[in-house]
Amino acid sequence: MIEFIPLLMFAALFLVLLSGYSVGATLAGVGLIFALVGIALGIFDAKDLGFLPNRLYSLMTNQTLMAVPLFILMGVTLERTNIARSLLSSMSQLVGRMRGGLGLAVVLVGMLMAASTGIVGATVVTIGLLSLPVMIKQGYNHGFATGTISATGTLGQIIPPSIALVLVGHVLGNAYQQAQLTQGVFAPKTVSVGDLFAGALIPGLLLVALYGAYVLVRAWLQPECAPPSKDEEKLELGKLLASLVPPIVLIVAVLGTILAGVATPTEASAVGALGALAMSIVYGALNLKILNEIVLSTIKTTAMVFFILIGASIFSLVFRGYGGDDLVHAFFTSLPGGAASAMAIVMVTIFLLGFVLDFIEITYVVLPIVGPILLAMGIDPVWLGVMVAVNLQTSFLTPPFGFALFYLRGVAPPEVQTIDMYRGVVPFIGLQLFLLLVLVAFPQLATWLPSAL
């Protein structure tokens with residue numbers, strides 16, 4: 001029965017999570033309880049816990065993960081400026097008079113905010129506050145409007161620079177080296193966060209195109225869902241440029257330097273944070289009170305992320321101590337169909353876990369276990385990372401714990417019902433899954449740009 005203890009660990013983890021305990025404490029607590037019970041019963045080697053201090057130290061001093069608080073600072077700062085308001089106003093005037101134009105404007109603004117902030121919560125709340133009352137007043141179907149806003153807010157998961165891509169890149173980088181070492185390659189190649197940024201760029205833009213096409217086609221087929229704007233205000237070219245240029249400059253400064261090889265993601269995140277602060281000064285939105293709010297929010301979010309990372313590190317250490325990785329490896333290698341079957345099972349598992357877990361937990365609990373096995377089976381690490389990132393994006397929209405829906409529910413008017421929000425995101429979840437199938441059929445969409453660079 002000892003070989004089934006890793007399965008019991010996962011079962012205990014889900015039960016405790018569903019009872020409402022915090023994720024970081026649950027991961028660490030379940031891992032330590034199983035370790036202590038195993039030591040008492042003589043089935044777990046206490047020496048394995050000796051690796052824990054070194055693992056935690058390397059986690060806290062990791063150069064790649066230093067980009068996380070800086071990207072969070074950049075996103076929180078931009079949330080406090082008038083950039084989204086100016087962008088949405090200009091885009092609405094540009095395309096709002098066409099049927100479904102306001103929905104298309106939301107998608108385009110969400111794309112720019114995703115590339116500027118990379119934080120789903122900030123994007124959903126900001127766009128929801130600004131656009132949802134206007135869309136309802138204009139006569140948009142509640143489900144269609146809330147679905148568009150929620151799904152657009154999740155673009156920050158796949159469009160670089162993205163905190164999710166930083167975390168996935170960190171895990172896959174370690175997994176790739178581990179997979180090569182097990183194959184006897186003692187000078188292993190590396191896969192960087194920059195490679196993952198490059199790999200996610202084309203799929204991210206493709207998803208934006210799918211969102212935009214869906215909005216326009218739905219508005220054409222069902223005109224009552226998305227009537228054209230009656231706003232007669234003329235578009236001012238100067239106002240449009242003034243709202244577009246600053247975020248585009250910031251995107252080029254961050255993403256462009258990474259893709260060009262001029263800066264690492266950590267260095268580029270510092271540039272982005274500084275640029276966001278400079279933009280907030282230009283917009284006249286920065287004072288000591290707001291700066292204090294920005295710093296506190298950044299510290300709280302960063303602490304939450306790293307607390308989960310520490311808990312996941314403890315859980316995975318104990319899981320490996322019980323031979324859980326060997327159990328998973330034996331299962332995958334025994335499957336008919338080899339790597340394709342293993343990849344399909346992992347993708348389905350991640351999608352289902354997205355109903356109850358956040359993307360950070362899935363990234364740091366599941367990927368360290370299955371990543372080395374899949375990569376050792378010959379799967380391209382960049383393609384795997386992009387597939388996982390797109391799949392994780394659905395976790396923000398799938399009930400009952402779709403965080404994008406929670407964020408929007410908090411700022412939505414009372415007349416918008418929760419059931420409308422759930423219905424509204426279903427087509428967008430379908431588009432995300434369709435993108436996964438496209439990436440399966442055409443993996444070059446994820447692998448071409450990194451190899452070209």
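The values are calculated or read from the model by the stated rules, or taken from the named source; none is laboratory data. The structure displayed is predicted, hence computed values, not measured ones. Heads up, the Cβs are rebuilt from the backbone with ideal geometry, glycines too, and the neighbour counts pull from every protein chain shown. All accessible areas refer to the heavy atoms of the entire protein, side chains included, with ligands and DNA or RNA removed. Shrake-Rupley method; radii C 1.70, N 1.55, O 1.52, S 1.80 Å.
So with the 1.4 Å probe, I'd like the accessible area per residue for the chain, rounded to whole Å².
Values: 18820 Å² over 453 residues.
I get 42 Å² per residue for this part.
Calculate what fraction, in whole %, of the accessible area of region 298-438 sits on carbon and sulfur atoms when a 1.4 Å probe is rolled over the protein chains. Numbers along the way, then the final one.
Details: 3650 of 4970 Å².
Using a 1.4 Å probe with all protein chains present, region 298-438 comes out at 73 percent carbon and sulfur.
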Open item on the list: Whole percent per 5 Å bin, from 0 to the bin with the longest distance: what is P(r) over all C-alpha pairs of region 194-327?
Closed with: 2, 7, 8, 10, 13, 15, 14, 12, 9, 5, 3, 2, 1, 0
Task: Accessible surface ranking that places the most exposed of Val356, Val438 first, with a 1.4 angstrom probe - done: Val356, Val438
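Tally Lys and Arg at +1 and Asp and Glu at -1 over the other residues with C-beta under 15 Å from the C-beta of Gly110: what net charge comes out? All intermediate terms of the calculation are to be shown ahead of the outcome.
Details: positive: Arg85; negative: Glu79.
Surrounding charge for Gly110 is 0.
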TODO: Report in % the part of the accessible area of region 70-166 that belongs to carbon and sulfur, leaving out ligands and nucleic acids; probe 1.4 Å.
DONE: 61
Task: Computed helical MRE - 222 nm, the chain, DSSP H runs ≥ 4 contributing -39500 (n - 2.57), nearest 500 - done: -24000 deg cm²/dmol
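Could you sort 166-176, 32-42 so that the peptide with the highest average Cβ count within 10 Å comes first and the rest follow in order?
Values: 166-176: 23.8, 32-42: 14.6.
Highest-to-lowest ranking by the protection proxy: 166-176, 32-42.
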Open item on the list: On a 1.4 Å probe surface of the protein chains, which of Glu361, Glu415 comes out largest in accessible area, and what is the full order?
Closed with: Glu415, Glu361
- [ ] Using only C-alpha positions, report the orientation-averaged shadow area of the convex hull of the chain, nm², one decimal.
- [x] 22.6
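Cα-Cα pairs above 20 Å in region 369-437: how many percent? Could you put the intermediate results ahead of the total?
Numbers: 1042 of 2346 pairs.
Tail of the P(r) past 20 Å holds 44 percent of the pairs.
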- [ ] Find which of His329, Ser58, Ile308 sits farthest along the positive direction of the dipole of the chain, computed with +1 on the beta-carbon of Lys and Arg, -1 on that of Asp and Glu, about the Cα centre.
- [x] Ile308
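What does the highest-first list of 98-107, 278-287 look like by mean Cβ count within 10 Å? Provide the component values of the computation, followed by the final result.
On the way: 98-107: 24.9, 278-287: 15.2.
Per-residue Cβ counts within 10 Å, averaged per peptide and sorted highest first, yield 98-107, 278-287.
To the nearest 20 debye, what charge dipole does the chain have about its Cα centre, counting +1 at the Cβ of each Lys and Arg and -1 at the Cβ of each Asp and Glu?
On the way: 17 positive and 19 negative charges, 144 e Å.
Magnitude of the dipole: close to 700 debye.
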Task: Förster radius 25 Å - calculated FRET efficiency between Ile345 and Phe434 (Cβ-Cβ, nearest 0.05) - done: 0.80
TODO: Tabulate in residue order the Karplus-calculated ³J(HN,Hα) for region 240-246, using 6.51 cos²θ - 1.76 cosθ + 1.60 with θ = phi - 60°, rounded to whole Hz; enter x for Gly and Pro.
DONE: 5, 5, 5, 8, 8, 5, x
